[in-house]
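S.K.: Questions regarding the structure given below will be posed in turn.
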Amino acid sequence: MEAAERRVISVIVINEASVLSRITDLFSGRGYNITSLTVAPIPESRYSRLTIVTSGSVRVIEQITKQLHKLIPVLKVIEHADLVEKEMALVKFPITENLADISALCAAYNGNIVNVSEDVIITMVADEPKRVDYFLSAIKRFHPKEIVRSGAVALER
Amino acid sequence: MQISGAQMVIEALIAEKVDTLFGYPGGAIMNVYDEIYKQNSFKHILTRHEQAAVHAAEGYAKASGKVGVAMITSGPGFTNAVTGLADAYMDSIPLVVISGQVPMSLIGTDAFQEIDAVGISRSCTKHNYLVTDAADLPRVLKEAFYIARTGRPGPVHVDIPKDVTAQIAKFDYSKPVDIETYKPTTSGNTRQIKKAVEAIAHAKRPLFYLGGGIINSNASEDVRKLVTMTGIPAVETFMARGTLSVKDPLLISMLGMHGSYAANMAMSETDLVIALGARFDDRVTGKLSEFAKGAKIIHVDIDPASISKLVPADFPIVGDVKHVVKSMMDVAKTLVDKERYTPWLETIENFNRLHPLSYKEDSQDLKPQWVIQRVGETLGDKANISTDVGQHQMWTAQFYPFTRARQFISSGGLGTMGFGFPAAIGVKAADPKRVSINFTGDGSILMNVQELMTAVEQKLPVINIILNNNYLGMVRQWQTLFYNKRHSETDLSMQPDFVMLAQAFGGVGYRVSTKEEFDAALKDAIEKNVVAFIDVKVHRLENVMPMVPSGGSLFNMMLDYKEK
Ligand SMILES: Cc1ncc(C[n+]2csc(CCOP(=O)(O)OP(=O)(O)O)c2C)c(N)n1
Ligand SMILES: [Mg+2]
């Protein structure tokens, strides 16, 4: 077996009912991986853009690309080689933690404190997925109560 | 024109020049059936099960080359049809299947006979639609036919809620189909084609590997010319039987699990595989790492996803086989020298002499292979041949003398028992002048036996030849070979009286156990032109040979196995 590689694929689809199920059914039916998947309409068009992070050997990735392309509502499949990739994470901390340290860490990862309530704060960071991983391990000692990641979005350079 | 959704369905079928529709009514599709009642532009054939309606549409499509159409109701009507959709999907058969759905206002409420039909059909159709507005129907139906027959063909499912069939909207079918996201490539890259033909000219032992895509693209005449022009030998997949005539000296035979020794050896020794509309299915290739080892691969297919899916292609050519083969001929004319392959042909001839496809006659029992050959001698080109699934199916592919494309209609990819009889009904509806024979098994025939009623009612005289071994023979063969003869639940000693069964529906039944009786029964059934069951008692323990055990290499064939 060839080694599995992480790959980012963007898919432009007609924004119509059940198009997302067509894509996810294809992945589950053929036994492909989905690490993350994001989807949103492309402004002022009838299309949506999906960003799928997957992994597989070169052969598997080639199959995924071709199979995606075969779906009727799929306009374009972009298998990224040279890309800019960003992911967002929201993290909730008890307000009793060291806010100055947390804030400084967030700043290092293009983020800040976005919400403060009586007993918790919510922070946001936006960075490369790998760097979001680093951030999340760095803030472990501040006892995060909840973490949510958005999944990656990408653009070819 | 302002008409109802139901009327739109009728108008669309007429515009698509549909002459035969197979179906079964029910609550959610009643508005459309009411319009069927009022029209006389096309014929509706009422099958006795929705699965059979779809198989009949498949048989019709395969024999005619047109899109087959089936109609069913929601819920159980639809779920009964799913096997047919899956079968057509696996074998790339162009179908449009229209189902009724509960009214829009009830969708999602677990209403009576509600099932998420498009959710179920998504993974076994080329495309599907849930129509939520009658105004979309003309476009959707036109797209459905277009998608079904273009590119790599396949089934398209259109689910229409009952209130949408009642809704009035504008009907305009004249707009050409324009799906921005669907533009199949047909012509093939000229430079790549030239390079492929150069590789052919330089090869010593090239081999055509002919697949079912040739039949779908109506390219068999062109492929015949290319084969003759280049003098290169050819093997056919199960799905491609009939592409070349058995009379063609360059046709080796079928390859694969039950292919001939010569075909499989040729594939193992070739230095250049020329794959035309074939998809390197596991039943064909055996162990992949040993398949055509050392050979370069030219792979022509309309479906880019089929190319390099299992075996990496050295010359990938995306395009319609018919177009590509024509372009190949233009280049091959000047480049390819027939004489070059003479030693290779001799090698293959030796393989053939060593282990020809054969069987041994038995002094007591009829051999199933004899029956198939006999029908071949008697009817040959004059018959269309369908089969069910099992040993009888493989023997038919091995021993019937096919002479043309679309003559052999069988469930290849899905291997659906119960396919044969309804498919043969569809074949007879499409091609009434030819005799429609269904080779079936004592197991398979009971999986759509109710279709006797359809065939009798519609005067579609299908002759079912039951190669009766009192076994689920193919499974029994595997149990013998790989499970130490533990014949678990495959003994079919308990059987209906097939003669009386046929008679009960108004058909004719024959029970035969000798050559003379078989000849007489076949002759009588053909002359009487009736729906028939010929129950042929055959040797119980006959095995399909040769055989590549699953996962084995093509050159490692089991050539014979005598069972007591
Ligand atoms: C719907 C379905 N169920 C089960 C099978 C598995 N199967 C494959 S061949 C076979 C035996 C078929 O028996 P019969 O029709 O008598 O044909 P024979 O092999 O005896 O010629 C079975 C059970 C199948 N292919 N399709
Ligand atoms: Mg049997």
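What follows draws every value from the coordinates through simple rules; no lab data is involved. Note that the structure is predicted; figures quoted are calculated from it, not measured. Note: ideal-geometry Cβ built from the backbone for every residue, glycine included; neighbour counts use all protein chains shown.
S.K.: Please compute the Cα-Cα pair-distance distribution of the stretch B:368-537 with 10 Å bins starting at 0, giving whole percents from short to long.
M.R.: 11, 42, 36, 9, 1
S.K.: Suppose we keep just the DSSP beta bridges with both residues in the protein assembly as shown; what percent of those would be antiparallel, to 5? Let's see the in-between values first.
M.R.: Working: 47 of 114 bridges.
About 40 percent, rounded to the nearest 5.
S.K.: One-quarter of the Cα convex hull surface for the stretch A:5-81, in nm²?
M.R.: Averaged projected area of the stretch A:5-81's Cα convex hull equals 4.7 nm².
S.K.: Taking the Cα centroid of the stretch B:244-285 and of the stretch B:162-188, what is the distance between the two, rounded to the nearest whole Å?
M.R.: Each part reduced to its Cα centre gives a spacing of 40 Å.
S.K.: Give the dimensionless ratio obtained when the Cα radius of gyration of the stretch B:436-556 is divided by 2.2 N^0.38 Å.
M.R.: 1.21
S.K.: In degrees, nearest 10, range 0 to 90: what is the angle between the Cα axis of helix A:129-138 and the longest Cα principal axis of chain A?
M.R.: 30 degrees
S.K.: Under 17 Å from a label point 7 Å along Cα→Cβ of A:Glu85: give me every residue in the stretch A:1-27 with its amide N that close.
M.R.: Correct set: A:3-11.
S.K.: Describe numerically, in nm with one decimal, the distance between label points set 7 Å from Cα along Cα→Cβ at A:Ile122 and at B:Asp133.
M.R.: 3.5 nm
S.K.: Could I ask something else about it? Quick check: pseudo-label points 7 Å beyond the Cα along Cα→Cβ at B:Glu349 and B:Met30, how many nm apart are they?
M.R.: Once both label points are built, they end up 7.1 nm from each other.
S.K.: Can you list the HN-Hα couplings for the stretch A:43-50, worked out from phi with the Karplus curve (6.51, -1.76, 1.60; θ = phi - 60°), rounded to whole Hz and with x for Gly and Pro?
M.R.: x, 6, 8, 9, 10, 10, 10, 10
S.K.: Output needed for the stretch B:190-354: three equivalent-ellipsoid semi-axes, defined as square roots of 5 times the C-alpha gyration tensor eigenvalues, in descending order, whole Å.
M.R.: Those come to 20, 18, 15 Å.
S.K.: Using only the alpha-carbon atoms of chain B, report the extent along each of the three principal axes, biggest first, to the nearest angstrom.
M.R.: Between the extreme Cα coordinates on each principal axis of chain B lie 70, 61, 42 Å.
S.K.: Return the FRET efficiency for the residue pair B:Lys333, B:Ser187: r is the Cβ-Cβ distance, R0 is 22 Å, and the value is rounded to the nearest 0.05.
M.R.: FRET efficiency, B:Lys333 to B:Ser187: 0.75.
S.K.: Right, another one. Rg to Rh ratio, the protein assembly as shown, alpha-carbon atoms and Kirkwood radius?
M.R.: 1.03
S.K.: How many angstrom separate the Cα center of the stretch B:437-505 from the Cα center of the stretch B:392-407?
M.R.: The distance from the Cα centre of the stretch B:437-505 to that of the stretch B:392-407 comes to 19 Å.
S.K.: In deg cm²/dmol, rounded to 500, what helix-only [θ] at 222 nm does the protein assembly as shown give when every DSSP H run of at least 4 residues adds -39500 (n - 2.57) and the total is split over its residues?
M.R.: The helix-only estimate for the protein assembly as shown comes to -10500 deg cm²/dmol at 222 nm.
S.K.: Restricting things to alpha carbons, find the Rg to Rh ratio for the stretch B:89-241 using the Kirkwood radius for Rh.
M.R.: 1.14
S.K.: Additional query: With 5 Å bins from zero, work out the P(r) of chain A over every alpha carbon pair and list the percent per bin.
M.R.: 2, 8, 17, 17, 15, 12, 11, 10, 6, 2, 0
S.K.: So what's the stretch B:247-339 giving for Cα Rg divided by 2.2 N^0.38 Å, two decimals?
M.R.: Ratio of Cα Rg to 2.2 N^0.38 Å: 1.11.
S.K.: At q = 0.09, 0.10, 0.12 Å⁻¹, what is the base-10 log of I(q)/I(0) for the stretch B:292-442 according to the Debye formula with one equal point scatterer per Cα and no solvent? Please give it to two decimals.
M.R.: -0.46, -0.57, -0.81
S.K.: Dividing the alpha-carbon Rg of the stretch B:34-143 by 2.2 N^0.38 Å yields what? Numbers along the way, then the final one.
M.R.: Working: Rg = 14.0 Å, N = 110, 2.2 N^0.38 = 13.1 Å.
That works out to 1.07 for the stretch B:34-143.
S.K.: With label points built 7 Å along Cα→Cβ from the Cα atoms of B:Lys562 and A:Ser21, find their separation and express it in nm.
M.R.: Result for the modelled spin labels: 5.8 nm.
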